[in-house]
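Asks: Take this structure, written in structure tokens, and hold onto it; I'll ask about it next.
Values in this text are rule-based calculations from the coordinates and carry no lab data. Quick caveat, the model's predicted, so the values are computed rather than measured. No Cβ is skipped: glycine too gets one built from the backbone with ideal geometry, and neighbour counts run over all protein chains shown.
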Amino acid sequence: MRPKAELHLHIEGTLEPELVVELARRNRIELPTYDVEAIRARYSFANLQSFLDVYYENLAVLRAEQDFYDLAAAYLRRAAAQGVRHAEIFFDPQAHLSRGVPLDVVFGGLSAALKDGPLSAALILCFLRDRGPEEAEQVLRAALPYREHFIGVGLDSAEVGHPPSLFRRVFEIAGGEGLHRVAHAGEEGGPDYVWEALDVLRVERVDHGIRAMEDPQLVARLREERIPLTVCPLSNVRLRVVPSLRDHILPAMLDEGLLVTVNSDDPAYFGGYVEDNYAALRRELGLSEEQLDAIARNSFEASFAYEG
Ligand code: ADE
Ligand code: ZN
């Protein structure tokens, strides 16, 4: 298995139906069904929002520190089996705070699993952009006592209508704390969102970023500054951002000399972990082993653990 880093992975998106059922039983939470195949059968999405609705709903089963530990430990085991040597992992504290689960529980479980895990891993705290900048600032301030548990901040959830520029202040505060900065941009949103993420939020990586390809000046900027893009091919197909893998713009991004990485996003929902994404690119787009190895090398260069 080729060694790689995974840089775009939502820990909540690794909640497999089997674990949904196990945690529901453990926490005595009522589910519409306890049949894992019936749960999986719901995973057909028209767009990003229809996925997010299911993703947030399933989080109801995560209550205790042990639940977060088990979630992260299961991901790390799977990732190691897929050749991941280093992972920078997103989590959505607001999705837990809003259900009455305190930060202590979230950080406690996730950090302990990362510490015990089979590979090097770090956390990136994501703001839910559809809850606005004031709540983002509140959550960052509430998380600062746990500063040693996370290395950066990100921006995720429903993209269109929630542009990066709204989050200037909270990203400035994060930068002042020495935190790394990334943002989802150019998944459903246009190139203007990618420009804003770079110019206003000063992000060091762009998550997805595929629609940057619509703007040649932006492509030149990304190439010249070697700004990494964390592309998630199976996610893009499942969320209908692209019609099929064969239509994916990733090969053109490589031709443009962009620092492309390949990642799984929410693997419990999108039909594969990170090596499954690499394998799909080989199978459906005919990428060569040399190209896939170059993408894997990019993933280390693009990681915040990279030191020249
Ligand atoms: N949260 C989890 N996965 C996401 C994605 N692909 N885009 C935006 N927010 C997300
Ligand atoms: Zn994502």
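Asks: Return the residues of segment 91-109 that are assigned to a loop (DSSP other than H, G, I, E, B) and under 20 Å from Leu9 (Cβ atoms); say none if nothing qualifies.
Replies: The one that is assigned to a loop (DSSP other than H, G, I, E, B) and under 20 Å from Leu9 (Cβ atoms): Asp92.
Asks: Residue by residue through segment 94-148, note down the ones that are among the small types (Gly, Ala, Ser) and closer than 18 Å to Leu201 by Cβ.
Replies: Gly132, Ala136, Ala143
Asks: Kindly evaluate Arg131 against the criterion of being within 13 Å of ligand 1 (Cβ to nearest atom) and either among the basic types (Lys, Arg) or over 20 Å from the mean Cα position of the chain (by Cα) (or both).
Replies: yes
Asks: Also: Please state which one of Arg226, Arg205, Arg240 is away from ligand 2 (no atom under 14 Å from the Cβ), farther than 23 Å from Asp53 by Cα and of a type in the set (D, E, K, R).
Replies: The unique qualifying residue is Arg226.
Asks: Any idea how many residues of segment 1-49 are surrounded by fewer than 13 Cβ atoms within 10 Å (Cβ to Cβ) and within 16 Å of ligand 2 (Cβ to nearest atom)?
Replies: Adding up the residues that qualify gives 0.
Asks: Hey, can you tell me all the residues within segment 210-223 that are touching an Asp or Glu at 6+ places or on another chain (Cβ under 8 Å) and within 16 Å of ligand 2 (Cβ to nearest atom)?
Replies: Ile210, Arg211
Asks: When you go through Ala112, Ala80 one by one, which is the residue that is more than 16 Å from ligand 2 (Cβ to nearest atom), surrounded by fewer than 18 Cβ atoms within 10 Å (Cβ to Cβ), touching a residue at least 12 places away in the same chain (Cβ under 8 Å) and more than 16 Å from Phe150 (Cβ to Cβ)?
Replies: Among Ala112, Ala80, only Ala80 is more than 16 Å from ligand 2 (Cβ to nearest atom), surrounded by fewer than 18 Cβ atoms within 10 Å (Cβ to Cβ), touching a residue at least 12 places away in the same chain (Cβ under 8 Å) and more than 16 Å from Phe150 (Cβ to Cβ).
Asks: How many residues are over 19 Å from the mean Cα position of the chain (by Cα) and part of a loop (DSSP other than H, G, I, E, B) if we restrict to segment 4-43?
Replies: 10
Asks: Regarding segment 278-296, can at least one residue be identified that is of a type outside the set (D, E, K, R), within 16 Å of ligand 2 (Cβ to nearest atom) and farther than 17 Å from Ala185 by Cα?
Replies: Taking every residue of segment 278-296 in turn, none turns out to be of a type outside the set (D, E, K, R), within 16 Å of ligand 2 (Cβ to nearest atom) and farther than 17 Å from Ala185 by Cα.
Asks: Yes or no: Leu285 in contact (Cβ under 8 Å) with a residue 24 or more places away in the chain, away from ligand 1 (no atom under 15 Å from the Cβ), closer than 23 Å to Arg181 by Cβ and surrounded by fewer than 24 Cβ atoms within 10 Å (Cβ to Cβ)?
Replies: no
Asks: Quickly run through segment 262-303 and pick out the residues that are at negative phi, over 15 Å from the mean Cα position of the chain (by Cα) and either hydroxyl-bearing (Ser, Thr, Tyr) or part of a loop (DSSP other than H, G, I, E, B) (or both).
Replies: Tyr278, Leu287, Ser288
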